[in-house]
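See structure below.
The values are calculated or read from the model by the stated rules, or taken from the named source; none is laboratory data. This one's a predicted model, so the numbers in the text were calculated from it and none came from an experiment. Note: ideal-geometry Cβ built from the backbone for every residue, glycine included; neighbour counts use all protein chains shown.
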Amino acid sequence: MNRFFGTDGIRARAGDFPLDKSTVFLVGKALAFILFKKTGKKPSILIGRDTRESGEWIEQALIAGILSEKGEIHSAGIIPTSAIAYLTARFNYNAGIVISASHNPYYDNGIKIFSSNGTKISSHMEEEIENYIIKKNKSINKFSEFKKQVKIEKELCDTYIKFLKSQFPRISPNKNIKLVVDCGNGASSFIAPQIFSELGFDVIPINNKPDGKNINLNCGSLYPELLAQEVVKNSANLGIAYDGDTDRAIWVDEKGRILNGDYTLYVMANFLNKRGKLTSPEIIATVMSNLGLEIALKREGLNLIRTRVGDKYVLEEMIKRGSNLGGEQSGHTIFLDVFPTGDGILTTLKMLEVLITEEKDLSELVKDMEEFPQILLNVKIKEKKDLNQFPEIIKTINEVKKKLGNEGRVIVRFSGTEPKVRIMVEGKDPIVIKEYANQIGEKIEKYLG
């Protein structure tokens, strides 16, 4: 089992293991060493980060490790995660690194590593990095401060912006569409408003003044309530909320209703299907996607295929089934025809294309999809243990599943990024499913909390 890597790279409180300076240094060192061993030449590595205050010292520690193994560093500065994935493949870097904890609070951070083709590195390579660190940790007890100024190559971000704009068709005019864009004080703060403005949209940016500590703070994709108020207040056509590293996009329609990533999949699946642009009738999502999405897609002759939670699992299933559309309820959407990772700005451009082409508001485009009520409950735990060790927990889960029958679902899983158990109960009656979720939560709290 991986010791450092979770479902989305390495993630922890900045400064705590495995995001302490010594371990981060060894991550950079391990990556450069392994790449050199594989290619036989000095590895070229691209690095970027979000707006967290800890990003700078984590970047320095990584750079020190990479340079210690004679790696070559290229910096894109503050930039979305998906930009690093795209640019790594575009310019044939041996690897790309993003320093970000996505939607987590500012005091957390993370390291995501991409292979030369822009996909996340394999589990095997994660294990190689971990084994190297474990071995070297015995001989390297302390990371000594090292500062190497690496010039930010602005042309990298310019290339990414140009690429995104190229993905938006020349639809004229844009009908004076007004957008409220919540940047979450993250990586989209300096890019998203620029792109939409240059494409002719009337843009009202909010939460686009990062200070190192306000990333995701009561804003962005996890907290879209303020965005909903701003959309209504400004009579906007659409509200968009991003997370800290801009790989998620959540919507607010013109009436102020908040819509998650399931609605993205529904709208895009219909649009692409009508135009014969789906490579498969199978849309890939995770176990968290709503039963209402599955039912709505089935009416259109499309099937929803579910994976475990994590965009890398969605991507694996898309490739396996030849699907070009997939994503997560949380807002990740993958357009595999474009590139193999979620990009919130790209997703926004695709949705805007639908709104303009169909000449419909978002509320009208989603009116035939009816969500089942869902309760999401997070229970903090001391450590992750196999739930099958606790018969009382399993018994409660099975009892709830039996009561719901075919008119609901229960998902209980460990978070891949936090010390929590996530409980999702779905059914027709919100009061009943809340009670069911609490019953399961109480049992987990009793044994693991």
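Given the structure, is residue 244 modelled with pLDDT under 95 and assigned to a loop (DSSP other than H, G, I, E, B)? Reasoning before the result, please.
Working: modelled with pLDDT under 95: no; assigned to a loop (DSSP other than H, G, I, E, B): yes.
No, not satisfied.
Give segment 388-436 a look and list any residue that's farther than 27 Å from residue 6 by Cα and of a type in the set (Phe, Trp, Tyr), or say none. Spell out the reasoning first.
Pass one, segment 388-436, residues farther than 27 Å from residue 6 by Cα: 392, 395-396, 398-408, 427-436.
Of everything in segment 388-436, just one residue is farther than 27 Å from residue 6 by Cα and of a type in the set (Phe, Trp, Tyr), namely 436.
Being surrounded by fewer than 22 Cβ atoms within 10 Å (Cβ to Cβ) and farther than 14 Å from residue 355 by Cβ is the filter here, so list the residues in segment 237-254 that pass it.
Residues satisfying the conditions do not exist here.
Is it true that some residue in segment 327-343 is closer than 27 Å to residue 228 by Cβ, touching a residue at least 60 places away in the same chain (Cβ under 8 Å), touching a Leu at 6+ places or on another chain (Cβ under 6 Å) and not assigned by TED's automatic domain parsing to the domain that holds residue 82?
Within segment 327-343, one or more residues are closer than 27 Å to residue 228 by Cβ, touching a residue at least 60 places away in the same chain (Cβ under 8 Å), touching a Leu at 6+ places or on another chain (Cβ under 6 Å) and not assigned by TED's automatic domain parsing to the domain that holds residue 82.
From the list 88, 119, 81, exactly one residue is more than 23 Å from residue 21 (Cα to Cα) and within 15 Å of the chain's Cα centre (by Cα). Which is it?
Working: 88 fails: within 15 Å of the chain's Cα centre (by Cα); 81 fails: more than 23 Å from residue 21 (Cα to Cα).
Every option except 119 fails the conditions.
Pick from 112, 136: which is assigned by TED's automatic domain parsing to the domain that holds residue 56, in a strand (DSSP E or B) and either out of contact with any strand residue (DSSP E or B) (no Cβ under 9 Å at 6 or more places or on another chain) or basic (Lys, Arg) (or both)? First the steps, then the outcome.
Values: 136 fails: in a strand (DSSP E or B).
So the residue among 112, 136 that is assigned by TED's automatic domain parsing to the domain that holds residue 56, in a strand (DSSP E or B) and either out of contact with any strand residue (DSSP E or B) (no Cβ under 9 Å at 6 or more places or on another chain) or basic (Lys, Arg) (or both) is 112.
Which of the residues belonging to segment 376-409 are among the small types (Gly, Ala, Ser) and out of contact with any strand residue (DSSP E or B) (no Cβ under 6 Å at 6 or more places or on another chain)?
Filtering segment 376-409 for residues among the small types (Gly, Ala, Ser) gives 405, 408.
If the condition is that a residue be among the small types (Gly, Ala, Ser) and out of contact with any strand residue (DSSP E or B) (no Cβ under 6 Å at 6 or more places or on another chain), then 405 is the only one that fits.
Tell me, yes or no, whether segment 395-415 has at least one residue that is within 15 Å of residue 309 (Cβ to Cβ), assigned to a loop (DSSP other than H, G, I, E, B) and not assigned by TED's automatic domain parsing to the domain that holds residue 104.
Looking for residues that are within 15 Å of residue 309 (Cβ to Cβ), assigned to a loop (DSSP other than H, G, I, E, B) and not assigned by TED's automatic domain parsing to the domain that holds residue 104, one finds at least one in segment 395-415, hence yes.
Filter segment 215-237 for residues that are outside any helix (DSSP H, G or I) and more than 21 Å from the chain's Cα centre (by Cα) and give the result.
Result: 234, 235, 236, 237.
Out of all the residues in segment 376-388, is one or more over 28 Å from residue 304 (Cα atoms) and over 27 Å from the mean Cα position of the chain (by Cα)?
Within segment 376-388, the subset over 28 Å from residue 304 (Cα atoms) is 379-386, 388.
So of that shortlist, the ones also over 27 Å from the mean Cα position of the chain (by Cα) come out as 388.
Scanning segment 376-388 turns up at least one residue that is over 28 Å from residue 304 (Cα atoms) and over 27 Å from the mean Cα position of the chain (by Cα).
Would you be able to tell me the number of residues in segment 26-53 that are crowded, with 24+ Cβ neighbours inside 10 Å and free of Cβ contacts under 8 Å to residues at least 40 places away in the same chain?
1
Which numbered condition in (1) surrounded by fewer than 24 Cβ atoms within 10 Å (Cβ to Cβ); (2) in contact (Cβ under 8 Å) with a residue 24 or more places away in the chain is the only one that residue 56 fails?
Of the numbered conditions (1) surrounded by fewer than 24 Cβ atoms within 10 Å (Cβ to Cβ); (2) in contact (Cβ under 8 Å) with a residue 24 or more places away in the chain, the odd one out for residue 56 is (2).
Assess whether residue 248 counts as being basic (Lys, Arg) and over 30 Å from residue 97 (Cβ atoms). Spell out how you get there, then give the answer.
On the way: basic (Lys, Arg): yes; over 30 Å from residue 97 (Cβ atoms): no.
No; evaluated as a whole, the condition is false for this residue.
Just one of the numbered conditions (1) in the same structural domain as residue 65 (by TED's automatic domain parsing); (2) within 20 Å of the chain's Cα centre (by Cα); (3) of a type outside the set (A, V, I, L, M, F, W, C) is not true of residue 148; which one?
Result: residue 148 fails condition (2) only.
Output the number of the condition that residue 330 fails; it satisfies all remaining conditions of (1) farther than 25 Å from residue 90 by Cβ; (2) over 14 Å from the mean Cα position of the chain (by Cα); (3) hydroxyl-bearing (Ser, Thr, Tyr).
(2)
For residues that are farther than 30 Å from residue 90 by Cα and charged (D, E, K, R), scanning just segment 341-366, find the one that is surrounded by the fewest Cβ atoms within 10 Å (Cβ to Cβ).
Per the criteria, the residue is 359.
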